[in-house]
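Input: a single structure, listed below in C-alpha cells.
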Amino acid sequence: MPRVAVPVTQINRAGVAPGTETNGDATNNHTVANNGRMFLEVRNSSSTVARTVTFRFPTVVDGQAVTPRAVSIPISSTRRFGPFPTGDYGSQLQVDVDNAELKLTAYGL
C-alpha cells in the first residue's frame with residue numbers, strides 16, 4: 001500500500017488551531033508535502049517505552065542509499081523537527097515510525 005499522507009496545517013499571522021494529528025502507521029509509514037518550510041511534530045503517546053521516528057533521504061550517492069536519520073522520542077514526550085530542505089529530503093518527506101503510538105502533526109509556513 002502507498003504511504004499515508006500527513007496533512008499540513010499552514011500557519012499564518014491570523015493564527016490557526018492545532019493541526020490534525022495522524023496516528024502512526026508502522027506498516028505503510030508516511031509522507032508529508034514538503035516545501036522546505038515545513039516542520040513536523042511527533043508525539044509519543046506511550047507511557048512505558050521510547051519510540052523511534054525515521055526521516056528518509058530520497059537520494060543516492062555513488063550508487064549507495066543515504067542512511068536514514070532515526071531519532072528516539074522519549075516516553076510521553078513531543079518533539080518538533082524541521083525545516084527539511086527539499087534538496088536533501090525531496091518535495092515529499094518520507095517518515096517511518098516504529099509504532100502506532102507515535103502521532104504526527106505537520107505545519108507549514
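The values are calculated or read from the model by the stated rules, or taken from the named source; none is laboratory data. The structure displayed is predicted, hence computed values, not measured ones. Cβ coordinates were reconstructed from backbone atoms using ideal geometry, including for glycine residues, and neighbour counts include every protein chain displayed.
Among the residues of the range 18-32, those identified as within 21 Å of Pro58 (Cα to Cα) and in contact (Cβ under 8 Å) with a residue 60 or more places away in the chain are Gly24, Asp25, Ala26, Asn29, His30, Thr31, Val32. Pairs meeting the criteria (first residue in the range 47-64 and over 24 Å from Asn34 (Cβ atoms), second residue surrounded by 15 or more Cβ atoms within 10 Å (Cβ to Cβ), beta carbons under 7 Å, at least 6 apart or on different chains) are Ala50/Asn44; Ala50/Ile73.
Count of the range 28-54 residues, restricted to those that are over 24 Å from Asp88 (Cα atoms), in a loop (DSSP other than H, G, I, E, B) and not hydrophobic (A, V, I, L, M, F, W, C), is 4.
Every listed requirement among (1) over 17 Å from Ile11 (Cβ atoms); (2) under 11 Å from the mean Cα position of the chain (by Cα); (3) surrounded by fewer than 17 Cβ atoms within 10 Å (Cβ to Cβ) is met by Ala33 save one, (1). Please verify whether the range 12-29 includes one or more residues that are buried (at least 18 other Cβ atoms within 10 Å of the Cβ), at negative phi, within 10 Å of the chain's Cα centre (by Cα) and not polar (S, T, N, Q). Yes, the range 12-29 contains a residue that is buried (at least 18 other Cβ atoms within 10 Å of the Cβ), at negative phi, within 10 Å of the chain's Cα centre (by Cα) and not polar (S, T, N, Q).
Checked against (1) among the hydrophobic types (A, V, I, L, M, F, W, C); (2) closer than 17 Å to Leu93 by Cβ; (3) surrounded by 12 or more Cβ atoms within 10 Å (Cβ to Cβ), Ile75 passes all but condition (2). Would you call Asn44 crowded, with 18+ Cβ neighbours inside 10 Å and touching a helix residue (DSSP H, G or I) at 6+ places or on another chain (Cβ under 7 Å)? Criteria not met by Asn44.
Scanning the range 1-17 for residues that are in contact (Cβ under 8 Å) with a residue 40 or more places away in the chain and more than 13 Å from Lys103 (Cα to Cα) yields a total of 5.
Rundown of residues vs (1) among the acidic types (Asp, Glu); (2) touching a strand residue (DSSP E or B) at 6+ places or on another chain (Cβ under 7 Å), yes/no style:
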| site | (1), (2) |
| --- | --- |
| Asp25 | yes, yes |
| Ala33 | no, yes |
| Gly36 | no, no |
| Phe39 | no, yes |
| Ala50 | no, yes |
| Asp62 | yes, no |
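Can you pull out every residue in the range 58-89 that is at pLDDT below 95, assigned to a loop (DSSP other than H, G, I, E, B) and not hydroxyl-bearing (Ser, Thr, Tyr)? Pro58, Asp62, Gly63, Val66, listed by residue number. The residues of the range 82-106 that are surrounded by fewer than 19 Cβ atoms within 10 Å (Cβ to Cβ), within 19 Å of Thr9 (Cβ to Cβ) and touching a Phe, Trp or Tyr at 6+ places or on another chain (Cβ under 9 Å) amount to a single one, Pro83.
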